[in-house]
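**Student:** Sending over a structure as structure tokens; questions will come in a sec.
The values are calculated or read from the model by the stated rules, or taken from the named source; none is laboratory data. In this text, all values refer to a predicted model and were calculated from it rather than measured experimentally. Cβ placement follows ideal geometry from the backbone for every residue including glycine, while neighbour counts extend to all protein chains displayed.
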Amino acid sequence: MQIRTTVAAPFECACEALVVGGFDRLEDAPYLALLDEKLGGQIAELYRSGEFDGKRNAVRMVDGIGRVAPQRIVLVGLGRKRELSDEALRQAAGTAVRGAGGAGCRAAVSILHLAGGDEDAALRATLEGFRLGSYAFDRYKTDKKKKPSLTEVTALFPDGQQKARRTRAAKETAALCDAVLLTRDLVSEPGNVATPTFLAEAAVRMAAATGIDCRIVEREEMERLAMHGILAVAQGSRQAPKFIVLEYRGAGVDERPVVLVGKGVTFDAGGISLKPGEGMDRMKDDMSGAAAVIGTLQAAATLKLPVNLVGLVPAAENLPDGGAYKPGDIVTTMSGTTVEIVNTDAEGRMLLCDALHYAQRYKPAALIDIATLTGACMVALGSEASGIMGNSARLVRDLLQAGERTGERLWELPVWDGYGDLMKSDVADLKNAGGRWAGAVTAGWFLKQFAGNARWAHLDIAGTAWEEKGRPYTPKGAAGVGVRLLVEYLRGVRPES
Ligand code: BES
Ligand code: MN
Ligand code: ZN
């Protein structure tokens, strides 16, 4: 979808559809009373009859009946005016995509961003909602007609002020959305396509297009580096593991980088500790963290964020075969810490621990891993929030705030020392799974052991990476979670902070 801005009078702009926001009281929305007047009281009648109540994400098509230039009005609900937020605008825009698309509109004009709040933020939020809400993964559908038909949205301003700033907001939002959609595309690809090699190629392609550095550490080099955690997970698969290293320089050479680590398990069958068949197909999304890291690096580079940023992606497939790692095996990870495998399905931490250790060479200003790590996190938080754990209150706080601002919400879980008791092994330094209780936390605690002295945070996106039902601007399927969150966090990173 194309998104742009223009200057025009809303009701004199000839277009297929005009998207207008309405609060729970007609008089609260700018332009709505005027529109109602032009349409001879139609809107007031909808409010009176309750056919449109202005509740969040209510949507109603209204015919322009030749009295205004737009053929139709897409009236979309924003809830209570004093509770208006960027998230409400994002969702309303996503809802409008389906409303307009359902009516067969190809291009729409929108004044949703004029509903209230900070102008720049409102513009970004609505354009984001439109673009993300119009996503469909239809690469493997022979009939592509089901796609929402809206392919163009123009945000309209009645005055010509702040032109440069508005154009910039639209361009930056398009770049950010592109990165989210790249992430969604990568996650949506099935396991037979999105192998570790495919992920590596996607990273190389993205790096070439954006002018950042990308290096792939192959199996032989992993062996030299003693990355036995990653190698152990890859043992049961015919797909070669890859360790992807992306480096973006947006700040001075001596500025310490933020290092992102993304779990890249391209399919997780559980290995010898095989998962039940029911729902196993979803485990193609077990590289959502990896995809978010690749997307975030693309966004950072295209937005020219003034930070140094490194992306590390350990990629492998977790399958059972004659060579697969087994329960009872003891693995010496890259850091030298030995781990007794008690469950081969706790594979994510086995690759992440090597990546976190590798990250130490960058002396990170912040080290953030993102992973579909535990079903337990999904049990705890469902799909409303990702879990966050960390060893730095400030880093956790900054990420929590970025989560609130972007609508990619986070909720903190503790990683207290006491949880370590659950991870002690009789025969090795640690075991890789702690049993039934506090599964999200013990996984986080395990990772913490490999973060060294770095300021570290762990994001568990098991519950948020895959959208089951479909939300206003997140259609069913890959959510692309993490990119907007991390970019928002990076926007706030100041040198030497
Ligand atoms: N990839 C899964 C976690 C997961 C489960 C993500 C459901 C999304 C939805 C991970 O590798 C896993 O299998 N974790 C185990 C850990 C356990 C064996 C300690 C889990 O959560 O059951
Ligand atoms: Mn697993
Ligand atoms: Zn997994």
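**Student:** Taking the condition over 18 Å from Arg131 (Cα atoms) and among the basic types (Lys, Arg), does Arg60 pass?
**Tutor:** So Arg60 passes the test.
**Student:** I would also like to ask the following. Look through Val245, Val204, Val253 and report the one residue that is β-branched (Val, Ile, Thr), in contact (Cβ under 8 Å) with a residue 24 or more places away in the chain and in the same structural domain as Arg349 (by TED's automatic domain parsing).
**Tutor:** On the way: Val204 fails: in contact (Cβ under 8 Å) with a residue 24 or more places away in the chain; Val253 fails: in contact (Cβ under 8 Å) with a residue 24 or more places away in the chain.
When all the criteria are applied, what remains is Val245.
**Student:** Here are some conditions: (1) more than 16 Å from ligand 3 (Cβ to nearest atom); (2) within 20 Å of Thr210 (Cβ to Cβ); (3) of a type outside the set (Asp, Glu). Met389 meets all but one. Which one does it not meet?
**Tutor:** (2)
**Student:** When region 356-394 is examined, which residues are found to be part of a loop (DSSP other than H, G, I, E, B) and more than 14 Å from ligand 1 (Cβ to nearest atom)?
**Tutor:** Within region 356-394, Lys363, Pro364, Ala365, Glu384, Ala385, Asn391, Ser392 qualify.
**Student:** Which ranges mark the strands (runs of 3 or more DSSP E) fully within region 27-117 that have 2 or more residues being among the aliphatic types (A, V, I, L, M) and surrounded by 21 or more Cβ atoms within 10 Å (Cβ to Cβ)?
**Tutor:** Qualifying strands (runs of 3 or more DSSP E): 72-79, 107-110.
**Student:** While we're on this one: Which of the residues belonging to region 158-192 are within 22 Å of the chain's Cα centre (by Cα), surrounded by 13 or more Cβ atoms within 10 Å (Cβ to Cβ) and not in a helix (DSSP H, G or I)?
**Tutor:** Glu189, Gly191
**Student:** Would you please name the residue that is farthest from Ala454 (Cα to Cα), looking only at residues in region 336-364 that are among the small types (Gly, Ala, Ser) and buried (at least 20 other Cβ atoms within 10 Å of the Cβ)?
**Tutor:** Ranking the candidates gives Ala346 first.
**Student:** Can you confirm whether Met423 is touching a strand residue (DSSP E or B) at 6+ places or on another chain (Cβ under 7 Å) and within 18 Å of Thr333 (Cβ to Cβ)?
**Tutor:** When the stated conditions are applied, Met423 passes them.
**Student:** Please work out which residue is nearest to Leu150 (Cα to Cα), limiting yourself to region 64-78 and to residues that are touching a residue at least 12 places away in the same chain (Cβ under 8 Å) and out of contact with any strand residue (DSSP E or B) (no Cβ under 7 Å at 6 or more places or on another chain).
**Tutor:** Step one: of region 64-78, the residues touching a residue at least 12 places away in the same chain (Cβ under 8 Å) are 64-65, 67-78.
Applying the additional criterion that residues be out of contact with any strand residue (DSSP E or B) (no Cβ under 7 Å at 6 or more places or on another chain) yields 65, 67-69.
Numbers: Ile65: 21, Arg67: 24, Val68: 21, Ala69: 19 Å.
Checking each candidate, the answer is Ala69.
**Student:** Give the residue, chosen from Leu430, Leu400, Leu485, that is under 30 Å from Ser188 (Cα atoms) and either buried (at least 24 other Cβ atoms within 10 Å of the Cβ) or within 16 Å of ligand 1 (Cβ to nearest atom) (or both).
**Tutor:** None of the others qualify; the one that does is Leu485.
**Student:** Does Arg256 satisfy the condition of being away from ligand 3 (no atom under 16 Å from the Cβ), in contact with an Asp or Glu (Cβ under 9 Å, 6 or more places away or on another chain) and charged (D, E, K, R)?
**Tutor:** Details: away from ligand 3 (no atom under 16 Å from the Cβ): yes; in contact with an Asp or Glu (Cβ under 9 Å, 6 or more places away or on another chain): yes; charged (D, E, K, R): yes.
Spelling it out, Arg256 is indeed away from ligand 3 (no atom under 16 Å from the Cβ), in contact with an Asp or Glu (Cβ under 9 Å, 6 or more places away or on another chain) and charged (D, E, K, R).
**Student:** Go through region 220-271 and count every residue that is touching a Lys or Arg at 6+ places or on another chain (Cβ under 9 Å) and on the phi > 0 side of the Ramachandran plot.
**Tutor:** Number satisfying all stated conditions: 1.
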